[in-house]
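The values are calculated or read from the model by the stated rules, or taken from the named source; none is laboratory data. Keep in mind that this is a model prediction, so the values were computed, not measured. All Cβ positions, glycine included, derive from the backbone under ideal geometry; neighbour counts span all protein chains shown.
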Amino acid sequence: MKVSSVKPTVLKGLPFYLNTVAAGFPSPADDYIEQGLSIDELLIKHPSATYLVRAHGDSMIRSGIFDQDILIVDRAIEPKHKDIVVAAVDGELTCKYLDLINKQLVSANRNYGPIAIKEATDLIIEGVVVSSIRLHRTCSR
């Protein structure tokens with residue numbers, strides 16, 4: 001899965017409802033608002049070390065990352081085994097699971113083999129994917 005950059009956007013506090021939304025059978029909706037919710041505060045722990053990038057392809061589909069999803073990537077987090085990372089491999093950006101035991105980057109789609117991390121591999125971990133955003137309808141802004 002290749003990634004492409006997205007211009008950062010700062011979001012303001014949005015209304016946040018106390019109730020949950022049924023994803024199965026509908027339930028009566030309440031009009032109670034808990035408080036304003038900042039998407040930035042919810043999703044971004046280290047603002048100065050975080051960036052957004054758009055996913056491209058289907059290699060991470062089984063992890064819930066789909067083509068055109070927006071990934072929230074934190075550079076301040078130390079990458080651990082099995083983290084989803086954005087990495088530059090020999091100059092090409094990719095999004096994969098980090099397998100520190102077998103020294104490889106692993107797709108979440110069986111149609112793609114792992115990328116071995118050898119001594120000669122030029123590998124830079126650009127950050128850990130902490131969240132993803134899927135647009136179900138694009139905004140006209």
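The listed residues are Asp74, Asp99, Asp67, and the only one of them that is in contact with an Asp or Glu (Cβ under 7 Å, 6 or more places away or on another chain) and acidic (Asp, Glu) turns out to be Asp67. In the stretch 68-85, of all residues being at negative phi, at pLDDT 95 or above and not aliphatic (A, V, I, L, M), the one that is nearest to the chain's Cα centre (by Cα) corresponds to Asp74. Gly64 meets all of the listed conditions (1) within 12 Å of the chain's Cα centre (by Cα); (2) surrounded by 13 or more Cβ atoms within 10 Å (Cβ to Cβ); (3) at pLDDT 60 or above but one, namely (2). Scanning the stretch 82-100 for residues that are part of a strand (DSSP E or B), in contact (Cβ under 8 Å) with a residue 24 or more places away in the chain and either surrounded by fewer than 18 Cβ atoms within 10 Å (Cβ to Cβ) or among the charged types (D, E, K, R) (or both) yields a count of 5.
Residues in the stretch 105-112 include none that are within 23 Å of Lys45 (Cα to Cα), at pLDDT 95 or above, assigned to a loop (DSSP other than H, G, I, E, B) and of a type outside the set (Lys, Arg). Looking only at residues of the stretch 71-81 that are assigned to a loop (DSSP other than H, G, I, E, B) and in contact with a strand residue (DSSP E or B) (Cβ under 6 Å, 6 or more places away or on another chain), we find that the one that is farthest from Pro47 (Cα to Cα) is Pro79.
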